[in-house]
Amino acid sequence: MAIVTTVRGTVASSSNSTSYTTSAFTPTAGEMLTAFFEFNEPTGVVSVTDTLGGSWTQKIALDRTGGTGFCYCYVRNSAVSATSMTVSFRDSVGALGCNGMVFSQTGTDGVGSATVVQVKSANNSGTSAPAVTFDSTTVTTNATLGAVFCNDNPAGATPPTNWTEGSDIG
């Protein structure tokens, strides 16, 4: 079965808030969900929730700017039903903005955080496209996802060689 990855919900806000909610979307039953987002000046405990009551596991937190901007990746721990939903990115004290996307994957070898085999990051790559090398060969029965956060508006980062850009928020 082919692996299909789809952008499902997005949020882009420069408001000071404790919660940032994506646009509503209806996934296909059984899909795995992965969220990438960044907070501008987060100060509290970070979490992810959704309107279907799913639990989420953090896979990476990366300080991209020396304390003022943090990037996160969370994975939903169970498959979803074909029900309209939103995902909220939360900071218990508040952040000064959030950009984020939720991706769905179908055709993967399972769902949930246990299917995430490798996580790599490249921090502060300046104006060049980031380059990451996994420690071992990727698993071809799972999707390989990446996120690039930059301070450009409109977003101007170029995808690394052999990667396809799914969406821009900027």
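General remarks:
- Matching residues, the range 95-115, being of a type outside the set (S, T, N, Q) and crowded, with 17+ Cβ neighbours inside 10 Å: A95, L96, G97, C98, G100, M101, V102, F103, V111, G112
- Selection count, the range 94-112, where residues are over 15 Å from the mean Cα position of the chain (by Cα), within 17 Å of A61 (Cα to Cα) and part of a strand (DSSP E or B): 2
- Residue match in the range 129-136 (condition: over 19 Å from W56 (Cα atoms), charged (D, E, K, R) and either surrounded by 13 or more Cβ atoms within 10 Å (Cβ to Cβ) or modelled with pLDDT of 70 or more (or both)): yes
- For the range 21-41, the set of residues classified as open to solvent by 10 Å² or more (accessible area, probe 1.4 Å) and under 18 Å from G69 (Cβ atoms) consists of F36, E38, N40, E41, listed by residue number.
- Restricting attention to the range 38-59, the residues that are under 17 Å from V111 (Cβ atoms) and not polar (S, T, N, Q) total 7.
- From A2, A29, A35, residue being within 27 Å of G107 (Cα to Cα), modelled with pLDDT under 90 and out of contact with any helix residue (DSSP H, G or I) (no Cβ under 7 Å at 6 or more places or on another chain): A2
- Lone qualifier among T5, T83, T57 - being outside any strand (DSSP E or B) and of a type outside the set (D, E): T83
- Hits in the range 66-114 - residues which are under 22 Å from S13 (Cα atoms) and of a type in the set (K, R): R90
- Taken together, the criteria exclude G9 from residues that are under 20 Å from S84 (Cβ atoms), among the small types (G, A, S) and free of Cβ contacts under 8 Å to residues at least 40 places away in the same chain.
- Looking at S88, S92, just one residue is in contact (Cβ under 8 Å) with a residue 60 or more places away in the chain and open to solvent by less than 40 Å² (accessible area, probe 1.4 Å), and that residue is S88.
- Close pairs (9 angstrom Cβ cut-off, 6 or more residues apart or separate chains): closer than 19 Å to V45 by Cβ in the range 12-28, part of a strand (DSSP E or B) and of a type in the set (D, E, K, R) anywhere: S17/D91; T18/R90; T18/D91; S19/R90; S19/D91; Y20/R90; Y20/D91
The values are calculated or read from the model by the stated rules, or taken from the named source; none is laboratory data. None of the values given here were measured: they were computed from a predicted structure. All Cβ positions, even for glycine, are placed from backbone atoms using ideal geometry, and neighbour counts span all protein chains on display. Just the protein is used for accessible areas: all its heavy atoms, side chains included, with ligands, DNA and RNA removed. Shrake-Rupley method; radii C 1.70, N 1.55, O 1.52, S 1.80 Å.
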